[in-house]
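Structure record follows, encoded as structure tokens.
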Amino acid sequence: MIEIDTPNADAVDGRQLRAVAFQAVRLEYVAGILRRRRLEPSRLRALVVGSGRGDLARGLAGLGLHVTAVDPSPVATGLAAAASERAGLPITHETAPSESLPLPDAAFDLAYYADTFEITGRLDQVLAEAARVVRRDGVVFYDTVNRTLPARLTSYLVAFQALPMTRIMPRGRYAAARLRPPAQLAALMAAYGLRNEDVCGFKPKDPRDLLKAVLARRRGRIGDHEVAPLVDFVLDPAGSRW
């Protein structure tokens, strides 16, 4: 069963698999930017948009940031809130679409947009909200799928949502028109006063390990959190997103 944002332990949730596989590189990248800017995490208010089950939000809280997590799925928000409570982390969880955030202006020092830019059909509204809720000298992080041949024809559009053997996403979740290269995103963000200062790719050390991990998860041989060490995503500053 392929099902997104579900408490059903038997279902394969590709969104959650993506979250746990990307967790280490996401946190590594954020921590590196904070060090470069000499920002003290304990003084920062952070927003996670597209929080899902809250892995990234809990990771950022573990770095010392004060975190608010927002997701459009009430089921995912409930799962995330329960996990935060079990972990003893004071994360605020909200259910809301990324296009219309129930949050005040300039409320955050940084925001991280995950599983959002390539999903929304209204990216202009998402970027307008990002510019509104982050303070003027704040930082907006995002990860998204580049419009590369591997992304369009193999992993996201074919292998992950079309091929029966490797499918982990509902059909139609990704579309070629919503996969955008960095230059196009930079131009769109500039229209809302957001300046793109850095682009860093990340990828599995060996793409074959990604395939093996997906197959193992689909066959029930491993759980969600066993995917990350098998795939071993790494930052690739000189490369495009895989």
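Taking only the C-alpha atoms of the range 186-234, the Rg (one decimal) and the largest Cα-Cα distance, Dmax (whole number), read 16.7, 47 Å. In the chain, taking the dipole from charged Cβ atoms about the Cα centre, the farthest positive-side position among PRO7, GLY78, VAL145 is held by VAL145.
What percent antiparallel are the DSSP beta bridges of the chain, to the nearest 5? Provide the component values of the computation, followed by the final result.
Working: 4 of 23 bridges.
The antiparallel fraction comes to roughly 15 percent.
Exposed loop sites, defined as trypsin sites (Lys or Arg not before Pro) outside DSSP H, G, I, E and B with at most 14 other Cβ atoms within 10 Å, are absent from the longest region of the chain, namely 39-121.
Residues with amide H under 5 Å of ALA111's amide H, sequence separation 5 or more or different chain, H placed in the peptide plane at 1.01 Å from N; which? Close amide H contacts, sequence-distant or interchain: LEU47, VAL139, VAL140, PHE141.
Quick one: putting +1 on the C-beta of Lys and Arg, -1 on the C-beta of Asp and Glu, what dipole do you get for the chain around its Cα centre, in Debye to the nearest 20?
Working: 33 positive and 27 negative charges, 117 e Å.
The dipole of the chain has a size of about 560 debye.
Mean residue ellipticity at 222 nm from the helices of the chain, using -39,500 (n - 2.57) per DSSP H segment of n ≥ 4 over the full residue count, to the nearest 500 deg cm²/dmol?
Numbers: 7 runs with 82 residues, N = 242.
Mean residue ellipticity at 222 nm (helix-derived): -10500 deg cm²/dmol.
Annotation: for a label point projected 7 angstrom from Cα along Cα→Cβ of GLU94, residues of the range 112-147 with backbone N closer than 14 Å are 112, 129-135. Using the Cβ atoms and a cut-off under 12 Å, what net charge is assigned to the surroundings of GLY78, where Lys and Arg are +1 and Asp and Glu are -1? Spelling it out: positives minus negatives among the neighbours equals -3. Where does the longest stretch of the chain lie that holds no GluC sites (Glu not before Pro) found in a DSSP loop with 15 or fewer other Cβ atoms within 10 Å? Here the longest run is 4-196. Relative to the 2.2 N^0.38 Å rule of thumb, the chain has a C-alpha radius of gyration ratio of 0.96.
Roughly speaking, what is the stretch gain from GLU40 to ASP105, that is 0.36 nm per residue apart minus the C-alpha to C-alpha distance, in nm to one decimal? Don't skip to the answer; put the middle values down first.
Details: separation 65, 0.36 × 65 = 23.40 nm, distance 2.19 nm.
So the extension gain works out to 21.2 nm.
Can you classify the range 69-177 as rounded, prolate or oblate using the Cα gyration tensor, where a ≥ b ≥ c are the square roots of its eigenvalues, rounded means a/c under 1.5, and otherwise it's prolate if a/b beats b/c and oblate if not? Here the range 69-177 falls in the oblate category.
Throughout, read-outs are computed from the coordinates displayed, never taken from laboratory work. None of these values were measured; they are calculated from a predicted model. Here the Cβ is made from the backbone with ideal geometry for all residues, glycine too, and neighbour counts use every protein chain on show.
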